[in-house]
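Shown next, in structure tokens, is the structure this report addresses.
Quick note: the coordinates plus some simple rules give every number you see, no bench work behind them. Bear in mind that the values here come from a model prediction, so they are computed numbers and not experimental data. Here the Cβ positions follow ideal geometry from the backbone for every residue, glycine too, while neighbour counts run over all protein chains shown.
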Amino acid sequence: MDIDKMDKKELIDKISDEIISKLKKTSFSDNLSFKSDLGNKNIKGPSEDCKIQINTPADLALYIDHTLLKPDATEAQVKKLCEEAAQYAFCTVCVNPSWVAYCARKLRGTGVKVCAVVGFPLGATDSRTKAYETRNAIENGADEIDMVINVGALRNGDLKTVEADLRAVLTACRNTTTTKAIIETCLLSDEEKVIASQLVKKVGYNFVKTSTGFSTAGATAHDIALIRRTVGPKMEIKAAGGIRTYEDALLMIRSGATRLGCSASVKIVSV
């Protein structure tokens, strides 16, 4: 679908009506299989292209960004975050930019990557600032970048500004950098979630991410399923915000997520 040749109303009508009508008829989890035993669930991911197998809680670790984004986080807390990430083999630690260099040193040789947030948590800084933040984080050791889109511009229908913002951050990344765009689903209508997800995919990010965890709500199964229907089976989706239990985590994956942002990571994998 060529977004450039469509006005906002046409794009909303064409994409969201089709997707939302399909969601009413079928659940994304129709293609997934579970075992009833809580401690031994077998989960097949969203498609053959994007498959996740979870047999025990510990299997979730590879899909978790172990997260600490509180503004009052101390060195002792960040140190503990890194130690837990190494112990449980989480995918990354997700931290504010000021902690990236520290985490990169602590995690060297462990296999755990460092994820930095950019434009966090409001997404309201300009593109040049976000691009600078991105370059600086990568120079300090960030392997992954989670940027917050310009939510206000999206809600205004200013898709050119949203796209330019996304591209500025992507251009600042290296070829090896994993990129995620946070669209803050709790502030958007379903139609706007569809638009945002399409733009993120069009620009070429690796992930659509639901939430910062600092707004009015976090990830929901409905939003994950809607995004999955929008971006197709191959693109990755990160669910974040409010995932506090093993059951929460399974529901997000069952709905189509391929990465989870969690602060309760240890509790989740230790059931």
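Structure notes:
- Relative contact order of region 154-240, defined on C-alpha pairs under 8 angstrom at six or more residues apart (%): 29
- Distances between placed amide hydrogens fall under 5 Å for residue 118 paired with 146, 147, 148, all partners being 5 or more residues away or on another chain.
- Relative contact order, percent, region 205-257 [alpha-carbon distance under 8 Å, six or more residues apart]: 45
- Overall, region 201-271 carries a charge dipole of about 280 debye about its Cα centre when +1 sits on the Cβ of Lys and Arg and -1 on the Cβ of Asp and Glu, all other atoms neutral.
- For residue 113, distant residues with modelled amide H under 5 Å away: 92, 93
- Distant-in-sequence amide H partners of residue 236 (H built 1.01 Å from N, under 5 Å): 208
- Whole-Hz ³J(HN,Hα) from phi, Karplus 6.51 cos²θ - 1.76 cosθ + 1.60, for region 82-97, glycine and proline x: 5, 5, 5, 4, 5, 5, 9, 6, 5, 5, 9, 9, 10, 9, 5, x
- Efficiency of FRET between residue 76 and residue 174 - r from beta-carbon atoms, R0 35 angstrom, step 0.05: 0.65
- Within the shell defined by Cβ-Cβ distances under 10 Å, the residues around residue 119 carry a net charge of -3, with Lys and Arg each +1 and Asp and Glu each -1.
- Point-charge dipole on Cβ atoms (K/R +1, D/E -1) for region 156-237, about Cα centre, debye to 20: 420
- Computed from label points 7 Å out along Cα-Cβ, the spacing between residue 247 and residue 62 is 2.7 nm.
- Within region 66-85, backbone nitrogen closer than 18 Å to the virtual label 7 Å beyond the Cα of residue 105 toward Cβ: 74-84
- Phi-derived couplings, Karplus 6.51 cos²θ - 1.76 cosθ + 1.60 at θ = phi - 60°, listed residue by residue for region 187-201: 9, 10, 6, 4, 4, 5, 4, 5, 4, 4, 5, 4, 5, 4, 5 Hz, with x used for Gly and Pro.
- Neighbour-limited loop hits for trypsin sites (Lys or Arg not before Pro), region 71-156 (at most 11 other Cβ within 10 Å; DSSP other than H, G, I, E, B): 108
- Residue 155 versus residue 53: modelled label distance in nm, points set 7 Å from Cα along the beta carbon direction: 4.4
- Here region 126-271 is treated with +1 on each Lys and Arg Cβ and -1 on each Asp and Glu Cβ, and its dipole about the Cα centre works out to around 320 debye.
- Within region 145-218, none of the chymotrypsin sites (Phe, Trp or Tyr not before Pro) combine a DSSP coil assignment with at most 14 other C-beta atoms in a 10 angstrom radius.
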